[in-house]
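Chemist: A single structure is presented below for examination.
The values are calculated or read from the model by the stated rules, or taken from the named source; none is laboratory data. Nothing here was measured: the structure is a model prediction, and the numbers come from that model. Here Cβ is always computed from backbone atoms with ideal geometry, including for glycine, and neighbour counts include all displayed protein chains. Keep in mind that these areas ignore ligands, DNA and RNA; they rest on the heavy atoms of the full protein, side chains included. Shrake-Rupley method; radii C 1.70, N 1.55, O 1.52, S 1.80 Å.
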Amino acid sequence: MCGIACLASPSSGKNCYKALEKLDYRGYDSAGMAGLADGEIEIFKTTGSVKNIEDFAKDFDCPLVIAHTRWATHGGPTKENAHPHLSYDGSLALVHNGIIENYQSLKTSLAECGIGFKSETDSEVVASLIAHESGSPLEKLSKATKRLEGSFALGVLFKEKVILATRRHSPLYIAVTTEGNMIASDVVCFIGLAKEFYALKEGEIAMVTEDKIELYDSQLKKIDISFCELEKDETSISLNGYEYYMEKEINEIPIIMRSFLSRYAKEDLLTPMKKLFEGVDNIALVGCGTAYHACLFGAKVLGERLNMPAHAYIASELKYSRPCFKNTLAILVSQSGETADTLGCVPIFKKLGLKTLAITNTEHSALARECDAYLPVCAGVELAVASTKAYVAQILTLYTLARYLSQEDFDIFSLSHLPEAAERLLGDYSRLASEILPAQRVFFIGRGLDSVTSQEAALKLKEITYKSAEGYPAGELKHGTLALIDKGTPVVVFATNQDLYKKTMANATEVKARGGKVILVAPSNFEKCDCDYFIPLPTLKDEAEYSLVSIIPFQSLAFLVCRALGYNPDKPRNLAKSVTVE
Ligand code: M6R
């Protein structure tokens, strides 16, 4: 959802470009760079991905550079709307991630002062608003941001030879790197270049020059910076021989399961959960997209094991409803920990006096900081827009939590067989992919937790292949959707629950009777039914364990179909990885 990288160093252009490249996953509608050369601000911007500014950046040798990759919100993906935006008087250039909700009224009042605009963006309004304020760069930025409503992470290059950065809701980090002093939307930019970083707090302003980084609070009082250790190394963001991150990340699933188990065995992360759950009678799980599917899984597994009502909510819906929760623990699930819709639920839960638990892959994220407790999902850096290993890690965390809280003698090593089971499903699904390729629409059905897997499998397929795909509880099909099944329509049937197997098979038979093509996913020891394609699962303990591995073939399938269609699986159209706007 837009990425910002700013650098103060002698050869900023080239190195700032390298940082920006790592933020490509945040949007690829347009990119741009601005620098201060001989006292003047020079800007280069273009449509398309970061790659398109590489030639310009490599020879752009100014000491202070700001750069941006855009996911369009206000105004189309045109060159005019690309960042950086120059203020009306040319005194500063600005890059922005977020949405300014009151930009129309600010634009009108600036226009009344004779200020004109070149783009349709809310961001250009912010640039001119800052320039129009009085005082030093610090004072101007502070005064202007007080007038903004909405969310923002800003990097502002002033002619006074300084870059200022500040944020509200959207993430922003600073670090002293081997390439110079850096500001970025994600710590991935610092990997291999710095050992520590600082996550800017709401309202703080970082002042970055070639020589130093200074930090100011919202009253413009200088404060100390307490840096945190950056643990990730370069292998976590390299493609490691793969052509695409998505493929690499699917193949990492057994590895990340092992790191999860070894971290939970070494660190006592679960004991504090007992206290957190004390006095809790209900559980509310909140997330978006794939993380919401993890919440559906968590609601079933925690609810059944702890014998209490547990419900999953879509964050963007919950935020504007009138939730009535009592004695409820709120669990917020997010890979990035920066999703605006999910983060926006935290104050609502706090206002209701609820305890909050973040389940996130990003330990330094706003979500982890703002909740009362957090559990790491240990999936490592996930860069492909389509979430794969993080989904498996999220449901593994929720499953582990449910087992720990419900089972007196729970031992983390009782899950040690799972990585090997996952490994067995990293097969070659190209034959299945060639069958799915001609289909206009694909259905996924299952009962219980299999219906959650169905929804996640459908999301994966539609998000990167642009095919119409739906996931349904198997019993629901005959209540309407069966009308869409005709000759050759692929229907994936997940059937991992022995008790419900016969019922699900009856639904598969209904599909066959309409000419549909049944792709069955079931444990190899279950009685086989008449199907067109069979994906056998290794024998596991329960329905939840099957959910941890049965999704893998369909992550691979989505990848293969996407590639066969000639699309880039890492950059699906219209999407971005971290959705930091509402
Ligand atoms: O970072 P989050 O887990 O909060 O992101 C939530 C969704 O935006 C995300 O899962 C999205 O649905 C993925 N692109 C799905 O693959």
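Chemist: Search segment 351-369 for residues being within 9 Å of the ligand (Cβ to nearest atom) and not in a loop (DSSP other than H, G, I, E, B), and hand back the single one that is nearest to the chain's Cα centre (by Cα).
Modeler: T360
Chemist: Return yes when S321 is exposed (fewer than 14 other Cβ atoms within 10 Å of the Cβ) and modelled with pLDDT of 95 or more and no when it is not. Reasoning before the result, please.
Modeler: Numbers: exposed (fewer than 14 other Cβ atoms within 10 Å of the Cβ): yes; modelled with pLDDT of 95 or more: no.
No; evaluated as a whole, the condition is false for this residue.
Residues checked against (1) closer than 21 Å to P137 by Cα; (2) in contact with an Asp or Glu (Cβ under 9 Å, 6 or more places away or on another chain):
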{"site": "K22", "(1), (2)": "no, yes"}
{"site": "F56", "(1), (2)": "no, no"}
{"site": "I66", "(1), (2)": "yes, no"}
{"site": "G76", "(1), (2)": "no, yes"}
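Chemist: Looking at segment 542-571, which of the residues that are more than 20 Å from the chain's Cα centre (by Cα) and outside any helix (DSSP H, G or I) is farthest from A469 (Cα to Cα)?
Modeler: Per the stated criteria, the residue is D542.
Chemist: Scan segment 460-478 and tell me whether some residue there is surrounded by fewer than 20 Cβ atoms within 10 Å (Cβ to Cβ), more than 16 Å from the ligand (Cβ to nearest atom) and under 25 Å from the mean Cα position of the chain (by Cα).
Modeler: So far as segment 460-478 goes, yes, one or more of its residues are surrounded by fewer than 20 Cβ atoms within 10 Å (Cβ to Cβ), more than 16 Å from the ligand (Cβ to nearest atom) and under 25 Å from the mean Cα position of the chain (by Cα).
Chemist: Going by the structure shown, is L548 modelled with pLDDT of 95 or more, within 25 Å of R403 (Cβ to Cβ) and open to solvent by 20 Å² or more (accessible area, probe 1.4 Å)? If you could, list the steps in order and put the result at the bottom.
Modeler: On the way: modelled with pLDDT of 95 or more: yes; within 25 Å of R403 (Cβ to Cβ): yes; open to solvent by 20 Å² or more (accessible area, probe 1.4 Å): no.
Considered against the rule, which asks whether it is modelled with pLDDT of 95 or more, within 25 Å of R403 (Cβ to Cβ) and open to solvent by 20 Å² or more (accessible area, probe 1.4 Å), L548 comes out as no.
Chemist: Mind counting the residues in segment 306-316 that are more than 14 Å from the ligand (Cβ to nearest atom) and not in a loop (DSSP other than H, G, I, E, B)?
Modeler: So in segment 306-316, the residues more than 14 Å from the ligand (Cβ to nearest atom) come out as 306-311.
Cutting the leftovers down to not in a loop (DSSP other than H, G, I, E, B) gives us 306, 310-311.
Of the residues in segment 306-316, 3 are more than 14 Å from the ligand (Cβ to nearest atom) and not in a loop (DSSP other than H, G, I, E, B).
Chemist: Considering (1) among the basic types (K, R); (2) under 30 Å from H417 (Cα atoms); (3) at pLDDT 95 or above, say which one K232 fails and leave the rest.
Modeler: Only one criterion in (1) among the basic types (K, R); (2) under 30 Å from H417 (Cα atoms); (3) at pLDDT 95 or above is unmet by K232, namely (3).
Chemist: Moving on to the next point. Quick check on my filter: what residues within segment 211-254 are open to solvent by less than 80 Å² (accessible area, probe 1.4 Å) and on the phi > 0 side of the Ramachandran plot?
Modeler: Within segment 211-254, L220 is the sole residue that qualifies.
Chemist: Now a separate question. Taking the condition away from the ligand (no atom under 16 Å from the Cβ) and free of Cβ contacts under 8 Å to residues at least 40 places away in the same chain, does G303 pass? Break it down into steps so the answer makes sense when it comes.
Modeler: Working: away from the ligand (no atom under 16 Å from the Cβ): yes; free of Cβ contacts under 8 Å to residues at least 40 places away in the same chain: yes.
Here the answer is yes, as G303 does meet what is asked.
Chemist: Tally up the residues in segment 371-427 that are within 22 Å of Y242 (Cα to Cα), surrounded by 17 or more Cβ atoms within 10 Å (Cβ to Cβ) and away from the ligand (no atom under 13 Å from the Cβ), please.
Modeler: So the first thing to find is which residues in segment 371-427 are within 22 Å of Y242 (Cα to Cα), and the list is 378-393, 419-420, 422-427.
The next check asks that each one be surrounded by 17 or more Cβ atoms within 10 Å (Cβ to Cβ); those that pass are 378-393, 419, 422-423, 425-426.
Filter again for away from the ligand (no atom under 13 Å from the Cβ), leaving 378, 380, 419, 422-423, 425-426.
Of the residues in that region, 7 qualify.
Residue-by-condition table, conditions (1) under 14 Å from M182 (Cα atoms); (2) under 26 Å from the mean Cα position of the chain (by Cα):
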site	(1), (2)
K22	yes, yes
I53	no, yes
E80	no, no
N97	no, yes
E101	no, yes
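Chemist: In segment 319-350, what count of residues is obtained for those that are more than 14 Å from the ligand (Cβ to nearest atom) and not in a loop (DSSP other than H, G, I, E, B)? I'd like the intermediate steps shown before the answer.
Modeler: Narrowing segment 319-350 to residues more than 14 Å from the ligand (Cβ to nearest atom): 320-330, 347-350.
When the remaining residues are screened for being not in a loop (DSSP other than H, G, I, E, B), the result is 328-330, 347-350.
Within segment 319-350, residues that are more than 14 Å from the ligand (Cβ to nearest atom) and not in a loop (DSSP other than H, G, I, E, B) number 7.
Chemist: Only one of L461, L425, L477, L437 is modelled with pLDDT of 95 or more and in contact with a Phe, Trp or Tyr (Cβ under 9 Å, 6 or more places away or on another chain); which? It would help to see each step written out before you state the result.
Modeler: Details: L425 fails: in contact with a Phe, Trp or Tyr (Cβ under 9 Å, 6 or more places away or on another chain); L477 fails: modelled with pLDDT of 95 or more; L437 fails: in contact with a Phe, Trp or Tyr (Cβ under 9 Å, 6 or more places away or on another chain).
Answer to the check: L461.
Chemist: Let me ask something additional. Can you report the number of residues in segment 86-97 which are open to solvent by 10 Å² or more (accessible area, probe 1.4 Å) and not acidic (D, E)?
Modeler: 4
Chemist: Continuing with the same structure: If the requirement is being modelled with pLDDT under 95 and surrounded by fewer than 20 Cβ atoms within 10 Å (Cβ to Cβ), which of these qualifies: G135, G116, G203? I'd like the intermediate steps shown before the answer.
Modeler: Values: G135 fails: modelled with pLDDT under 95; G116 fails: modelled with pLDDT under 95.
Result of the check over G135, G116, G203: G203.
Chemist: In addition: Report, by residue number, each residue of segment 231-259 that is closer than 25 Å to A194 by Cα and more than 19 Å from the chain's Cα centre (by Cα).
Modeler: E231, D233, E234, T235, N240, G241, S259
Chemist: Same structure again: Say we look at segment 255-286 and pick out the residues that are assigned to a helix (DSSP H, G or I) and among the β-branched types (V, I, T); which of these is most open to solvent (accessible area, probe 1.4 Å)? Walk me through it before giving the result.
Modeler: Here is the first cut: in segment 255-286, the ones assigned to a helix (DSSP H, G or I) are 255-266, 271-276.
Narrowing the set further to residues that are among the β-branched types (V, I, T) leaves 255-256, 271.
Numbers: I255: 102, I256: 12, T271: 69 Å².
The residue in question is I255.
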